[in-house]
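Trainee: Below is the structure I would like to discuss, written out as structure tokens.
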Amino acid sequence: MSEPDFESKVAIVTGGGSGIGAACVQLLVERGAKVLVADVDPVAAEKVASQFLESARPFAVDVSDSQRCELMVQRAIDTWGGLHIAVNNAGIGGEQNPIGSYSVEGWRSVLSVNLDGVFYSMRAEIPAMIESGGGSIINMSSILGSVGFPAAGAYVSAKHGVVGLTRAAALDHAAQSIRVNAVGPGFIDTPLLSQLSPEMKAGLSRMHPRGQMGSSREVAELVAFLASDRAANITGSYYTVDGGYTAQ
């Protein structure tokens, strides 16, 4: 079977400056797309985009800012003439505390990026995709979009919310040829886990029946499939990439 063809397609990847986002940028470019690498860290966005010459451009965005999300989409349109694919991947981990002592500021910080940011991004992306004749949106949830985890109440709540928001958007815009799906990675060895000790990382690996954490490229492969015409009849769905974690 041939690889998905994104020739003449324009994509945005938020959180594209590292980890899963950077892997998604690389795979979409490899398969022919033009990609706006959007990240809160402009240096990281530039570093990723600079690897792909004319096929990628950096854009600094804090997705908790709705106006900046609108400017992000406009930049993609101004640069390449439309928008067909969006990977709403930007996210933060947040503080680790039980709900009874979780700070209000910490709660708002996580929800503003991990849930509001997905809403703001889609709200800007969908009209542009309608103008382009349709498109595919992939929202990055987590295994914690379907199960709980101690001391991570804001993250778990936001990622559950992303799944619900994905399904609602899929129903709202299916008739306009826009597909919306969510991906739920297990624990992936990315910069988000960089502060963990080797012992903690080993413990996370053992929590997966496969016995190891996944890679960013493995997640990107699913994202690319969902973005492609091979997934033409898939919308409103949530897929885990978790080495069996949620099967337990």
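Where a number appears in this text, it was derived from the coordinates with a stated rule and is not lab data. Every value quoted in this text rests on a predicted model; they were computed, and no experiment measured them. Positions of Cβ are backbone-derived with ideal geometry, glycine not excepted, and every protein chain shown enters the neighbour counts.
Trainee: Which value in Å does the Kirkwood hydrodynamic radius of the stretch 105-214 take, with 1/r averaged over all unlike C-alpha pairs and then inverted?
Mentor: Working: mean 1/r = 0.0651 Å⁻¹.
Mean inverse Cα-Cα distance, inverted, gives 15.4 Å.
Trainee: Return the lysines within reach of Lys201: Cα separation strictly under 27 angstrom, same-chain partners fewer than 8 residues apart disregarded; answer none if there are no such residues.
Mentor: Filter leaves Lys47, Lys159.
Trainee: Here is a further query. What is the angle, in °, between the Cα long axis of helix 216-227 and the longest principal axis of the Cα atoms in the chain? Nearest 10 is fine, range 0 to 90.
Mentor: Between helix and principal axis, roughly 40 degrees.
Trainee: In deg cm²/dmol and to the nearest 500, what is the mean residue ellipticity at 222 nm of the chain if only DSSP H runs of at least 4 residues count, each as -39500 (n - 2.57), divided by the residue total?
Mentor: -12500 deg cm²/dmol
Trainee: Over all directions, how big on average is the projection of the convex hull of the alpha-carbon atoms in the stretch 74-129, in square nanometres? Provide the component values of the computation, followed by the final result.
Mentor: On the way: hull surface 18.0 nm².
Its average projected convex-hull area is 4.5 nm².
Trainee: Determine ³J(HN,Hα), in whole Hz, for all residues of the stretch 168-176 in sequence, where each value follows from phi through the Karplus function 6.51 cos²θ - 1.76 cosθ + 1.60 and θ = phi - 60°; x replaces Gly and Pro.
Mentor: Those phi angles translate into 5, 5, 4, 5, 5, 10, 4, 5, 9 Hz.
Trainee: I need the phi-derived Karplus couplings for the stretch 134-142: 6.51 cos²θ - 1.76 cosθ + 1.60, θ = phi - 60°, integer Hz, Gly and Pro marked x.
Mentor: So the Karplus estimates, Gly and Pro as x, are x, x, 10, 10, 10, 9, 8, 8, 5 Hz.
Trainee: While we're on this one: Check Thr240: other-chain or 5+ apart residues with amide H under 5 Å from its amide H, H built from backbone geometry?
Mentor: Distant-sequence amide H within range of Thr240: Gly184.
Trainee: Contact order normalised by length for the stretch 34-158, with contacts defined as Cα pairs under 8 Å and 6 or more residues apart; what percent is it?
Mentor: After rounding, I find 26 percent.
Trainee: Which trypsin sites (Lys or Arg not before Pro) in the stretch 188-248 pass both tests, a DSSP loop state and at most 15 other beta-carbon atoms within 10 Å?
Mentor: Hits after loop and neighbour filter: Arg210.
Trainee: 5 Å is the cut-off here: which amide hydrogens, built 1.01 Å from N in the peptide plane, fall below it relative to Ser136, excluding neighbours closer than 5 in sequence?
Mentor: For Ser136, whose amide H was placed from the backbone, the distant partners under 5 Å are Ile85, Ala86, Arg179.
Trainee: log₁₀ I(q)/I(0) of the stretch 171-244 at q = 0.27 Å⁻¹, via Debye over equal Cα point scatterers, no solvent, to two decimals?
Mentor: Treating every Cα as an identical point scatterer, log10 I(q)/I(0) equals -1.20.
Trainee: Expressed as an acute angle from 0 to 90° and rounded to the nearest 10, what is the orientation of the C-alpha long axis of helix 66-80 relative to the principal long axis of the chain?
Mentor: The answer is roughly 40 degrees.
Trainee: Separate question: Quick query: amide H of Ala90 versus all other amide H atoms, modeled in the peptide plane; which residues come in under 5 Å with a sequence gap of 5 or more or a different chain?
Mentor: Amide H neighbours of Ala90: Thr14, Gly15.
Trainee: Rg(Cα) of the stretch 1-100 divided by 2.2 N^0.38 Å? Walk me through the numbers before you get to the answer.
Mentor: On the way: Rg = 14.2 Å, N = 100, 2.2 N^0.38 = 12.7 Å.
Here the Cα radius of gyration is 1.12 times the empirical estimate.
Trainee: What lysines sit close enough to Lys9 to cross-link, taking a C-alpha to C-alpha distance under 18 Å and skipping anything fewer than 8 places away on the same chain?
Mentor: Lys34
Trainee: Ok, one more. Once R0 is set to 41 Å, what does the formula 1/(1 + (r/R0)^6) return for the Cβ-Cβ distance between Gln51 and Ile99, expressed as a FRET efficiency to the nearest 0.05?
Mentor: 0.50
Trainee: Along each principal axis of its Cα atoms, how long is the chain end to end? Whole angstroms, biggest number first, please.
Mentor: Cα spread of the chain along its principal axes, largest to smallest: 47, 41, 37 Å.
Trainee: Related question: May I ask you to compute the full-extension gain from Glu221 to Val43, defined as 0.36 nm times their residue separation minus their alpha-carbon distance, rounded to one decimal in nm?
Mentor: Result: 61.5 nm gained on full extension.
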